[in-house]
Amino acid sequence: MLVICTLFLLNIVSPRLGAKALTFGELPAKQTSKQWSVQIGQAEKGKGLAESKNGEYHTYSLEVDNIGKDVISAEIHMYRNEPNSTTKFALFGCPPDHPCSKLDTDEQAITLAKQLNDGYPYRFSNFLLAEKATELEVEIVWTKKGSEGRPLKETFTFTAE
């Protein structure tokens, strides 16, 4: 009987000891550098927006502010990890046949830079993050005046607590 109880408890407890999902104990979670402020917050709720699904994913929002010098172009990418893999998965993109694939990415990067320089943050009001993820990366690639041909990159990593 003791053996059965022990096996039962190990079966319940041990899977939970190994994996730790990325959850934010307190929102907003914020990281800053000399150039950027990156904040993960509660997702916007409303008609047509995703809602968290227990056991599968949570929803959050992202806000990126330029708190440093003006930039000429800027791109923002988000990735999550996959347990037992070194591969990172993008949280958003554009399928080849979608109208967004026709947009000029250089023009978009310049437009985003102007928005950020004018004091208007980049906001992503609702994104999904798989419960199995233990890490969220926000990558910002930008160019500054005088270094147009040489992009700079900063990565902000939020990890499981």
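So that you can scan it fast, the table gives a plain yes or no per residue for (1) among the hydroxyl-bearing types (Ser, Thr, Tyr); (2) more than 16 Å from SER73 (Cβ to Cβ):
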site	(1), (2)
ASP97	no, yes
ALA109	no, no
LEU112	no, no
ASN126	no, yes
GLU139	no, no
LYS144	no, no
PRO151	no, no
GLU154	no, no
THR157	yes, yes
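Just wondering, is there one or more residues in the stretch 68-75 that are of a type in the set (A, V, I, L, M), touching a helix residue (DSSP H, G or I) at 6+ places or on another chain (Cβ under 8 Å), at pLDDT 95 or above and over 28 Å from LEU27 (Cβ atoms)? Scanning the stretch 68-75, I find at least one residue that is of a type in the set (A, V, I, L, M), touching a helix residue (DSSP H, G or I) at 6+ places or on another chain (Cβ under 8 Å), at pLDDT 95 or above and over 28 Å from LEU27 (Cβ atoms), so the answer is yes. Looking at (1) aliphatic (A, V, I, L, M); (2) touching a Leu at 6+ places or on another chain (Cβ under 7 Å); (3) exposed (fewer than 15 other Cβ atoms within 10 Å of the Cβ), which one does LEU152 not meet, given that it meets all the others? LEU152 satisfies every listed condition except (2).
What residue, among those in the stretch 100-113 that are at pLDDT below 85 and part of a helix (DSSP H, G or I), is farthest from VAL138 (Cα to Cα)? Step by step, filter the stretch 100-113, then rank; the result is LYS102. Number of residues in the stretch 109-150 that are free of Cβ contacts under 8 Å to residues at least 40 places away in the same chain and in contact with a strand residue (DSSP E or B) (Cβ under 6 Å, 6 or more places away or on another chain): the value is 3.
Quick check on the stretch 119-132. Is at least one of its residues over 17 Å from the mean Cα position of the chain (by Cα) and of a type outside the set (D, E, K, R)? Working first, answer last.
Here is the first cut: in the stretch 119-132, the ones over 17 Å from the mean Cα position of the chain (by Cα) are 119-120.
Then keep just the ones that are of a type outside the set (D, E, K, R); that gives 119-120.
Yes, because at least one residue in the stretch 119-132 is over 17 Å from the mean Cα position of the chain (by Cα) and of a type outside the set (D, E, K, R).
Taking the stretch 1-42, which residues are in a loop (DSSP other than H, G, I, E, B) and at pLDDT 95 or above? Residues satisfying the conditions are SER33, LYS34, GLN35. Among the conditions (1) out of contact with any Ser or Thr (no Cβ under 8 Å at 6 or more places or on another chain); (2) among the aliphatic types (A, V, I, L, M); (3) not in a helix (DSSP H, G or I), the only one that LEU116 does not satisfy is (3). Residues in the stretch 63-99 that are more than 17 Å from TRP142 (Cα to Cα) and in contact with a Leu (Cβ under 9 Å, 6 or more places away or on another chain) were compared, and the one that is surrounded by the fewest Cβ atoms within 10 Å (Cβ to Cβ) is CYS94.
The values are calculated or read from the model by the stated rules, or taken from the named source; none is laboratory data. On a predicted model such as this, the values are computed, not experimentally measured, just so you know. Reconstructed Cβ throughout: ideal geometry from the backbone, glycine too, with neighbour counts over all protein chains shown.
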